[in-house]
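Below is one structure; the comments refer to it alone.
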Amino acid sequence: MTIQITMPGEKLIQGNEACVMGAIASGCNFYGGYPITPSSEIAEHMVRRMPKVGGVSIQMEDEISALASIIGASLAGSKAMTATSGPGFSLMQEHIGFAAMAEVPCVIVNVMRGGPSTGMPTSPSQGDVMQARWGTHGDHPAIVLAPASVGEVFDLTVKAFNLAERFRTPVILLYDEIIGHTRESVSLPESVTVIDRVTPDDALEEFWPKEADPDGVPAMSPFGDGRRFHVTGLAHDHRGFPTNDTAVAEALINRLHRKIDAHLDEVIEVEEYLLDDADVAIFAYGIVGRSAKLAVERARLNGIKAGLIRPLTLWPFPTAQVAEVARKVDTIVVAEMNLGQLVGEVERAAKGQAEVVSHLRTGGEPVTPTALEEVLAKIDGGNA
Amino acid sequence: MTDVKIDIQPDMTTEVTATERADVRSYLRQWAMPHVLCPGCAHGIVLRSFLEAVDQLQLDQDKIAMVAGIGCSSRLAGYVDFCTLHGTHGRAPAFATGLKLARPDLNVVVVTGDGDGLAIGGNHLIHAARRNIDMTVLLLNNSIYGMTGGQAAPTTPEGAIASTAPQGHIEPGFDACKLLMGAGASYVARVFAANPIEMTKVMMDGLSHPGFAFIELVSDCPEYFGRYNKIGGGPEMLNWIAVRDEGIAGPLSEKRFVEHIPVKPPAIGVKSGVLQREIRPVYAGVRAAEGQHT
Ligand code: SF4
């Protein structure tokens with residue numbers, strides 16, 4: 001489905017505001033949140049805008065209940081979102097797992113700030129990348145998107161809703177404080193393509209809530225529409241009913257992964273820049289991806305054959321794309337605002353085909369273009 | 001609560017006799033049987049009373065959403081043929097809040113226990129009460145953690161034996177109804193599982209209340225509480241809780257389904273009946289008034 005957005009065109013907006021606009025363009029009609037810096041603007045915009053689109057907004061008592069409320073709303077047929085930052089994201093882990101297991105579409109925004117613990121509320125960080133993948137217990141799938149600009153926040157919020165609906169799964173939008181608070185001029189599209197969850201077409205009495213189609217995604221009926229069914233976070237069978245049958249549980253958990261892994265082309269998005277003849281590539285995401293792009297351009301002016309691979313999808317990890325880059329270049333520089341979270345994934349994908357080095361910052365300082373330019377110059381000098 | 005007036009009590013005059021009791025099997029997922037509850041557990045009596053209330057009120061089966069947490073009482077949601085959500089430990093009121101705001105036409109019922117609702121989920125419960133979200137909360141209080149094997153709960157009486165209180169519990173327990181009255185619940189009632197007909201009547205009353213209705217069902221756990229405290233099995237436990245029932249304006253009914261079996265009476269009695277009732281605006285979330293959005 002394609003829907004028109006009102007007021008398209010050039011706008012000067014903040015990253016967090018772009019997130020709200022992307023959500024509304026996607027059909028979001030329920031917001032449940034809890035205030036936390038640096039994400040609070042999302043709640044503040046939502047409470048003003050939800051009533052205008054016929055939606056509902058509520059400020060819950062904590063982040064645990066914020067995510068619970070949107071899961072409840074999603075089961076009732078709403079498109080629902082919550083937003084938070086580090087400490088709140090920690091509290092949400094319980095229900096990220098529930099949404100994955102019960103297959104409830106929802107979007108969770110984590111505007112990353114410095115950690116651990118309350119850390120640095122107004123400073124940027126990329127410290128939650130592994131938490132976004134592995135924070136909740138048990139084997140579970142994860143889709144995590146990382147925009148690098150205000151415009152991309154809009155685009156990836158739309159994509160987050162679409163993937164959540166398409167695969168009946170929670171989707172995490174991960175960006176840092178800088179992107180959340182930066183104001184940039186963005187041109188909003190005239191229209192966006194919106195995907196809605198598949199609803200069952202079989203007769204009421206033949207409906208089982210967890211009977212998956214060949215794609216691995218079960219059709220979803222909203223509560224109150226005549227199909228009466230059970231939803232649980234316990235391992236369950238196709239009827240949605242708890243089971244201790246290990247074979248049934250194994251098949252369920254495998255299906256939760258397969259439904260996404262079999263459609264990586266719909267999920268994974270990567271920007272590749274000047275890689276064709278590159279000797280060295282920077283792997284960077286989010287705001288660091290922008291520093292890296294500038295560093296690559298400056299290095300090129302100095303005759304260094306540098307390129308950039310910037311994943312917009314962090315999880316599932318773009319293993320094939322990174323492996324391809326590793327075949328082309330001698331060195332991959334992994335730049336992150338943490339003490340090394342995706343570098344291990346890059347090494348795993350590169351399989352020794354390229355040397356992998358990392359450039360890391362923590363404590364709230366961003367990775368600057370100048371710093372990366374120096375890294376590229378040093379690598380080039382060492383190879384010369 | 002010393003000066004609660006009798007006029008907040010539901011109409012208890014309608015006689016319901018055992019032979020007239022409704023056939024509630026159409027509200028059960030027969031395919032999901034047998035259930036997980038232990039023999040003699042009073043949770044089944046509570047469930048039957050609830051289904052009778054649904055039947056008496058002629059509620060639309062398709063429009064009932066039952067939301068539960070984790071524990072023996074919360075497992076009831078799996079066996080009733082409504083839309084049912086078996087969520088996470090203690091969070092049922094939060095799931096139910098989102099559900100109700102998104103679909104105000106649904107009749108939302110939360111089923112929780114004393115550990116689920118008062119320990120890990122206490123925060124969600126008091127905030128749902130404060131907001132006056134239109135839902136009915138059934139809190140089955142058996143004074144112990146049953147599903148995990150008989151550990152002490154926030155309602156375990158001082159001195160009672162639990163697997164994590166082998167010498168007798170050293171903490172004071174919560175009075176769930178006082179807690180909810182303090183949180184501003186617009187309807188608060190307590191009924192004892194020994195009195196199934198009263199349970200049905202109070203549940204009918206609570207389900208009809210516009211706003212947040214909290215009903216504490218004093219239930220039991222013969223498997224752990226009864227065994228550890230040497231009270232006995234199902235009938236003995238039912239009687240043990242029945243003798244704690246002080247009523248509020250005299251006994252709610254003369255009917256008792258349990259024959260008197262002598263047991264050591266518990267130290268404290270508790271009031272039952274409707275303890276608080278007020279009509280105040282029902283919370284609907286931040287949304288446009290009807291017809292205002294374009
Ligand atoms: S453990 Fe206790 S509360 Fe749970 S089903 Fe058995 S008797 Fe009932």
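Amide H to amide H, which residues 5 or more places from A:Val194 or on other chains are under 5 Å from it, using H placed in the peptide plane? It is A:Thr2, A:Ile3, by chain and number. Restricting the calculation to Cα atoms, the protein assembly as shown shows an Rg/Rh of 1.04 when the hydrodynamic-style radius is the Kirkwood one.
Peptide B:60-71 is shielded by partner chain Cβ atoms: per residue, an average of 3 of them sit within 10 Å of its Cβ. Footprinting exposure proxy ranking of A:Lys52, A:Lys259, fewest other C-beta atoms within 10 angstrom first, gives A:Lys52, A:Lys259.
Taking every DSSP helix (H) stretch of at least 4 residues in chain B, weighting each as -39,500 (n - 2.57) and dividing the sum by the residue count yields a mean residue ellipticity at 222 nm of -6500 deg cm²/dmol. Normalised Debye scattering of the range A:23-124 at q = 0.11, 0.21 Å⁻¹ gives log10 I(q)/I(0) of -0.30, -1.02, counting only Cα atoms as equal scatterers and leaving out solvent.
Across chain A, the relative contact order, built from alpha-carbon pairs under 8 Å that are at least six residues apart, equals 16 percent.
Determine, for each peptide in A:170-177, A:327-334, the mean count of other beta carbons within 10 angstrom over its residues, then list the peptides with the highest first.
Averaged packing, sorted descending, gives the order A:170-177, A:327-334.
Mean residue ellipticity, 222 nm, helices only, chain A: the sum of -39500 (n - 2.57) across DSSP H runs of n ≥ 4, divided by residue count and rounded to 500, is -12000 deg cm²/dmol.
When each of A:Trp208, B:Trp240, B:Trp31 is scored by the number of other beta-carbon atoms lying within 10 Å, the sequence from fewest to most is B:Trp31, A:Trp208, B:Trp240.
For A:Arg183, the shell of other residues with beta-carbons less than 14 Å away shows a net charge of -4, using +1 for Lys and Arg and -1 for Asp and Glu.
Using Cβ point charges alone (K and R +1, D and E -1), the dipole size of chain A about the Cα centre works out to roughly 460 debye. So, in Å, what gap is there between the alpha-carbon centers of the range B:35-83 and the range A:217-249? When both Cα centres are located, 18 Å separates them.
Shape summary of the range A:2-193, radius of gyration then Dmax from alpha carbon positions: 14.9, 44 Å. Residues whose amide H lies under 5 Å from that of A:Phe229, counting only those 5 or more places away or on a different chain, are B:Cys83, B:Thr84; hydrogens are built 1.01 Å from N in the peptide plane. The residues packed around B:Ile144, meaning those with a beta-carbon under 11 Å from its beta-carbon, carry a net charge of -2 if Lys and Arg are +1 and Asp and Glu are -1.
Quantify how strongly other chains surround peptide B:102-112 by giving the mean number of their Cβ atoms within 10 Å of each of its Cβ atoms. The shielding value for this peptide is 4.
Partner shielding of A:51-60 amounts to 6, given as the average count of beta-carbon atoms from other chains within 10 Å of each residue beta-carbon.
With both partners inside the range A:198-336, how many of the DSSP beta bridges are antiparallel, as a percent to the nearest 5?
About 45 percent, rounded to the nearest 5.
Projecting the Cα atoms of A:Gly151, A:Ile108, A:Met21 onto the charge dipole of the range A:2-193 (Cβ charges, centred on the Cα centre) puts A:Met21 farthest toward the positive pole. Each of B:Asp23, A:Asp225 has some number of other Cβ atoms within 10 Å of its Cβ, and from fewest to most they run B:Asp23, A:Asp225. Here the ratio of the Cα radius of gyration of chain A to 2.2 N^0.38 Å is 1.00.
What is the range A:2-193's relative contact order, in percent, from Cα pairs under 8 angstrom and six or more apart in sequence? Show your work: numbers first, answer last.
On the way: 443 pairs, mean separation 61.1, N = 192.
Dividing the mean separation by the residue count of the range A:2-193 yields 32 percent.
With Cα atoms as the point set, the range A:204-338 shows a radius of gyration and Dmax of 22.3, 70 Å. Per-residue packing, averaged as other Cβ atoms within 10 Å, sorts the ranges B:96-107, B:225-236 into the order B:96-107, B:225-236, beginning with the highest. Rg ratio for the range B:43-171: its Cα radius of gyration over 2.2 N^0.38 Å, N being its residue count, equals 1.10. Most simply put, the range A:271-383 has about 20% antiparallel DSSP beta bridges, counting only bridges with both residues inside it. With distances taken between every two different alpha-carbon atoms, the range B:102-186 has a Kirkwood hydrodynamic radius of 13.8 Å.
Shape of chain B from its Cα gyration tensor (a ≥ b ≥ c, root eigenvalues): rounded if a/c is under 1.5, otherwise prolate when a/b > b/c, or oblate? Rounded.
Summary value for the range A:271-383: 31 percent relative contact order, contacts being C-alpha pairs under 8 angstrom separated by 6+ residues.
The ratio of the alpha-carbon radius of gyration of the range A:271-383 to the globular-protein estimate 2.2 N^0.38 Å is 0.94.
The Cα atoms of the range B:10-114 cover 39, 33, 28 Å along the three principal axes, with the biggest extent listed first. Taking the Kirkwood radius as Rh and the Cα radius of gyration as Rg, the range A:74-165 has a ratio of Rg/Rh equal to 0.96.
FYI, it's all coordinate maths here, none of it is from the lab. Quantities reported herein were computed from a predicted structural model and do not represent experimental measurements. Every residue, glycine as well, gets a Cβ built from its backbone with ideal geometry; the counts of neighbours run over all protein chains shown.
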